[in-house]
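Rule-based calculations on the coordinates, nothing more; no lab input. Note that the structure is predicted; figures quoted are calculated from it, not measured. Backbone-built Cβ (ideal geometry, glycine too); neighbour counts: all protein chains shown.
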């Protein structure tokens with residue numbers, strides 16, 4: 001379907017006239033006209049604030065309103081309506097969704113980069129800046145807050161923003177339970193949860209089982225996730241303890257396709273990955289404790305957590321495994337008042353994170369026979385060959401920040417200053433000398449912002465901010481020369497952002513947001529591959545890149561119909577980048593679509609709902625030379641469901657994804673060798689979900 005067809009012209013016209021999606025509407029069982037309320041967020045490291053008071057772009061999404069009836073199988077089911085944010089479902093069990101904001105995070109080959117990820121006040125982003133969130137079960141997520149840009153001044157090692165995931169509120173009294181099942185032709189998910197409260201206590205438990213053969217060949221997946229959550233209010237202090245368990249005994253890696261394979265709509269896997277048994281098994285456990293206290297004019301919070309993660313990851317180039325231990329402490333205090341007719345707020349905080357990886361790399365001997373199987377690296381018939389790397393990697397990061405805000409009449413001035421220091425330390429465990437390498441990286445990241453309120457329900461804002469982002473331990477450890485230790489030629493990337501925008505509420509029914517930005521980045525971290533390296537990803541610094549763009553969105557309530565639209569444009573270029581003798585100045589940075597948009601409409605009646613969605617992305621470069629491109633696409637989705645209020649707590653949903661069976665690349669593996677740039681999206685799929693709720 002081309003962009004010139006009448007439905008897409010209509011979509012383009014609607015988006016051209018609209019700003020940003022904010023899922024603030026509440027579920028309605030009647031067709032009565034509703035009034036939207038200003039969205040309040042907590043992602044600002046301050047007390048709960050209206051988005052209209054903040055000098056940067058921030059969105060709040062509700063799992064059951066932004067995309068009513070969605071499958072909850074991936075972060076894409078929650079985040080695709082946020083302008084400027086791209087969440088790519090790779091349909092690859094060994095990879096998290098690739099999430100990028102304004103291009104930050106697009107380079108990620110594993111996990112989430114460029115964003116700080118938080119759940120219920122506890123950081124999920126590691127000390128080195130990487131976030132693995134495969135253990136986050138969307139059945140336990142009630143809402144999310146997304147800060148786009150200006151994140152470095154508040155959260156440190158992040159360039160693109162913050163993703164703050166929140167559990168649904170626990171019941172104040174009584175007990176409630178839910179069983180949910182979701183089925184399609186290649187996957188099943190079963191989830192059971194129970195929650196209760198009373199006498200100052202609140203608790204919940206959730207257990208979810210996933211099984212899938214995947215929409216592609218060689219994409220089998222099995223996982224079990226559990227969450228236990230306990231709250232206790234003691235005076236004015238709320239204590240919250242959580243325990244997370246996640247186990248994936250099987251996850252196959254189908255790899256990427258060539259342009260020819262993608263155009264033919266094939267669902268095959270990379271034969272190299274099949275032959276080398278590329279896959280991943282994970283076991284993850286995490287425990288955390290959070291304390292929040294409020295008083296007249298102020299509040300404070302602190303969290304402490306510890307986690308253990310075991311990974312065994314055969315890949316085409318090697319078998320990678322590690323035992324990871326993570327600990328962290330965060331704290332924040334905020335107070336405000338009135339002084340000489342000026343409303344003021346001050347907040348300060350500190351973060352201390354530690355990460356310890358016992359990393360081992362082995363030769364992958366799977367699929368090698370005869371003369372292909374060298375005795376030196378594959379001395380036995382086992383798939384795991386000799387050990388090539390065994391090193392202990394330690395990362396510690398410490399950061400402190402202070403934020404001040406003064407309001408006089410309709411004008412608010414905000415200033416934030418943060419300092420961070422990250423230390424990478426590696427000890428070679430194979431050497432009798434115990435060789436040790438160490439690298440220190442640090443930055444000071446200020447932000448200044450101003451907000452003007454011309455009238456009630458409207459806000460104009462602008463900010464200047466800086467950011468920095470360190471390489472991860474994996475990015476530092478993957479050296480082109482194949483040796484262990486750390487790549488000392490890799491520097492952290494640093495950015496400067498200018499942003500301005502408007503947001504507000506019109507007539508109690510229309511929520512809008514407009515943002516314009518320009519970002520200059522030096523030493524941006526760029527992935528690449530080396531021929532015959534088996535797909536291993538290496539990293540280098542570009543001299544300078546630039547981003548300029550606009551984000552627009554709209555949420556409106558029109559009687560019994562909710563509508564929302566978002567559109568984002570991004571010009572993302574190399575300004576100074578040379579690879580050998582090749583000059584890449586002026587080329588598009590790969591992996592990012594210059595134009596993305598979405599549109600949804602949900603009609604609600606007393607018996608249930610009907611939703612229609614459209615998603616669009618323009619073609620994007622797949623390599624630095626801009627010789628290969630992922631084609632653009634338009635996807636249509638529809639779903640309908642019945643409400644439990646009418647059917648005694650039973651809520652069935654049926655959905656149809658990719659209605660027209662469009663062949664497209666859901667994710668781009670940038671700068672890949674062998675022409676394998678494209679991870680295809682799923683074709684037309686029908687899914688059925690059934691929820692049964694009860695309470696007493």
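Data table
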item: Sorted peptide list for 492-505, 219-232, 380-393, criterion being average Cβ within 10 angstrom, highest first; result: 492-505, 219-232, 380-393
item: Per-selection Kirkwood Rh - the chain (Cα, Å, 1 d.p.); result: 26.0
item: P(r) histogram, all alpha-carbon pairs of region 369-458 included - 5 Å bins from 0, percent; result: 3, 10, 11, 8, 9, 8, 8, 7, 6, 6, 5, 5, 5, 4, 3, 1, 0
item: Estimated FRET transfer efficiency when R0 is 25 angstrom, pair residue 373-residue 312 (beta carbons, to 0.05); result: 0.70
item: Cβ crowding within 10 Å averaged over residues, with 394-401, 410-417 ranked highest first; result: 394-401, 410-417
item: Calculated P(r) tail over 26 Å for region 541-678, as whole % of Cα pairs; result: 44
item: Contour excess over end-to-end distance, with Cα ends at residue 411 and residue 352 and 0.36 nm allotted per residue; result: 17.8 nm
item: R0 of 56 Å, Cβ-Cβ distance residue 626-residue 381: FRET efficiency to nearest 0.05; result: 0.75
item: Sequence ranges 97-110, 516-529, ranked by mean other-Cβ count within 10 angstrom, highest first; result: 97-110, 516-529
item: Gyration tensor (Cα) of region 490-553, equivalent ellipsoid semi-axes in angstrom; result: 38, 16, 8
item: Alpha-carbon radius of gyration plus Dmax, which is the widest Cα pair, for region 56-189 in Å; result: 15.1, 47
item: Ratio Rg/Rh, restricted to region 129-256 and using Cα atoms, in which Rh is the Kirkwood radius; result: 1.04
item: Quarter of Cα convex hull surface for region 265-309, i.e. mean projection, nm²; result: 7.3
item: Residue-span extension gain [residue 323 to residue 172] - 0.36 nm each, minus C-alpha spacing; result: 50.4 nm
item: Calculated diffusion of region 390-434, Stokes-Einstein form, Kirkwood radius summed over Cα pairs, 4 °C and 1.567 mPa s, µm²/s; result: 91
item: Relative intensity, log₁₀ I(q)/I(0), of region 253-376 from a Debye sum that treats every alpha carbon as a point, q = 0.11, 0.16 Å⁻¹; result: -0.68, -0.91
item: Percent breakdown of C-alpha pair distances by 10 Å bin, ordered from the shortest bin, for region 647-696; result: 21, 27, 22, 17, 10, 3
item: Chain lengthening between residue 201 and residue 583 when straightened (0.36 nm per residue, less Cα-Cα); result: 131.3 nm
item: Two-decimal log10 I(q)/I(0) for region 426-536, as the Debye equation yields it once each C-alpha is a single scatterer, q = 0.22 Å⁻¹; result: -1.18
item: Distance in nm between pseudo-label sites at residue 506 and residue 400 (7 Å out along the Cβ direction from Cα); result: 4.7
